[in-house]
Amino acid sequence: TLTWSSHSGDNTSSQQVLVASRDGQTLIRWEEKFTGLAGALFGGVVGGVGIGAGLGVGAALGSLGSAALGIGISVVALGGSYALARTIYARIVRRRRAAAHRVVEAVAEHVERLRPNVPAGLAGEPDA
């Protein structure tokens with residue numbers, strides 16, 4: 001069994017790769033956690049843009065005499081900033097999953113090349 005772990009420099013993600021072999025079968029698993037990325041994106045975008053700009057603009061418009069418009073802009077800013085953070089997060093995770101898939105495929109090819117030549121039926125493979 002081989003296990004490799006890594007953390008991104010900015011602590012937005014952590015990765016772990018596990019390669020294990022048992023009874024002629026090889027398991028390759030890639031795990032990646034994005035809790036830091038989610039916290040940074042949602043905290044920064046929703047907290048900074050949504051609350052900061054939304055409440056600031058909303059309060060300014062509310063003080064000008066339109067409380068409904070002020071509340072409406074605050075709600076739109078919060079909802080829009082959440083949608084923006086969600087879109088960015090989904091795009092980053094999709095790209096990282098594709099990269100992880102390429103790594104797992106490369107490891108699988110390497111493992112297959114290292115596999116000893118064993119006659120069919122002896123390595124847990126069905127006879128042809």
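Every number here is computed from the coordinates shown, using simple stated rules; none is lab data. The shown structure was predicted, so the numbers you read here are calculated from the model rather than taken from an experiment. We place every Cβ from the backbone using ideal geometry, glycine too, and count neighbours over all the protein chains shown.
At a glance:
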item	result
Full-stretch length increase - GLU112, ALA68 - with 0.36 nm per residue and alpha-carbon distance subtracted	9.3 nm
Label-zone membership for the stretch 1-36, site ARG91, 7 angstrom Cα→C-beta point, backbone N under 20 Å	12-13, 34-36
